[in-house]
Every structure is written in C-alpha cells, then in structure tokens.
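The values are calculated or read from the model by the stated rules, or taken from the named source; none is laboratory data. Just so you know, these numbers come straight off a predicted model, no measurement behind them. Neighbour counts run over all protein chains shown; Cβ positions are idealised from the backbone, glycine included. Each accessible area value is taken on the protein alone, full model and side chains, heavy atoms only, with ligands, DNA and RNA left out. Shrake-Rupley method; radii C 1.70, N 1.55, O 1.52, S 1.80 Å.
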Amino acid sequence: MAKSRRLPKVLTPDEQRALLAKFDLRYASGLRNLVAVRLMLECGLRCGEVVAIRPEHVDLNTCRLLIREGKGGKDRVVWFSDDLHDLITHWLERRPPSPWLLPTRHGGQLDGRYIRELVKRKAAAAGISESDRVTPHTLRHTFATDLLRETKNIRLTQKALGHANLTTTMIYTHV
C-alpha cells in the first residue's frame, strides 16, 4: 500500500504577519533576511531561487523579477507588490557590493541551509504552532494556496510556481 504523504503546513494570515514582524530592520542582515522571506512568501520562490537572484534580475520599474534557471532549468517571471518594491529598494541602498541580490556580509552567496534555519528560527520566535514544520517550502505552499484562493485560477497559480504539470500545482494548493 502506498504511503500517504502529509501535506506541508500552510500559514494563516495572522501567522504570516507574526513571522514578518520578527525581523529587526536596524541591522542590514535583518533587512536582507526579511526581503528573502517575503520573496518566498509573496512570490512563491524556492529557497535556491532566492539565494541565486542577481540585482540585474530585478526590474524596479515594473516590479518584475526574473527567475533564471529555476528547478528543471526553466526561467520564469514573477511580479512583486509595491510594498515589496519599497523594501527591495531600501535593501539595495544598504547591501554590500556583490553579484548577488541577497549576499552575505562579505559579498558571498547565501547558503540555502542558512535560509532554512532562519525560517525555522523566526517561526518559533513568532509563536507559530508546529513551528518545527515551517520551512521555506511552507512559504511557497502558503503563496500557492493564497493565490488560488484569491484568483480561483489554477493555471495562473501553476505559471507563478513554474510547474510544468498541473497535478504538481494541485498538490501545492490546500483549498
């Protein structure tokens, strides 16, 4: 008999707000980390896609972000909100010189493990139930579920996530 897979946790709007409130913007790393988490939560990016973003992939005029060679080597375009635009603009003024949008303090590429640990740590600090189950992929599932609820359009959700197969998208959407 096939093993039933447990669906990832999806954050409620209150849990999302609590998570985002846990970043200390007085520090450059706090601002950078908030940008990373918001990109995953509001654009449905994978952890590996976030750490691979370069400044030239961000179009602040149109609020578009080019995801280069995501999973399966595919490129896609996602859009971000005016609020996230302002946050990214603020980050660009503070970030150290680097080929990466979200570099380490010394300009190197962030490690995906760092992002995964960051999300778990902030989820626990935010008091989210089952915080041990909150991962960057949880943020992607939350994005997909929220987008489908809002638009009622599974094809749009599929395109935003960069899925080739609609059945994969349906796993992501907890509606």
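Normalised per residue, the accessible area of segment 50-175 is 55 Å², obtained with a 1.4 Å probe and no contribution from ligands, DNA or RNA. Remark: relative contact order (the chain) = 28 percent; criterion is Cα-Cα distance under 8 angstrom and separation of 6 or more residues.
Each of the trypsin sites (Lys or Arg not before Pro) that DSSP puts in a loop and that has at most 15 other Cβ atoms within 10 Å breaks the chain; the longest unbroken stretch is 106-151. In this simple spin-label approximation, L25 and T89 carry label points 7 Å from Cα along the Cα→Cβ vector, and these lie 1.3 nm apart. Computed per residue of the chain from DSSP H runs no shorter than four, each worth -39500 (n - 2.57), the mean residue ellipticity at 222 nm is -15000 deg cm²/dmol.
Spacing of the modelled spin labels on K152 and K74, each 7 Å from Cα toward Cβ, amounts to 2.6 nm.
For M170, the accessible surface of its heavy atoms amounts to roughly 110 Å² (probe 1.4 Å, protein chains only, rounded to the nearest 10). For segment 22-175, the alpha-carbon radius of gyration amounts to 1.01 times the rule-of-thumb value 2.2 N^0.38 Å expected for a compact globular protein. Apolar share of the accessible surface for the chain: 53 percent from carbon plus sulfur atoms, 1.4 Å probe.
Over segment 90-129, Cα pairs under 8 Å with separation of 6+ residues give a relative contact order of 20 percent.
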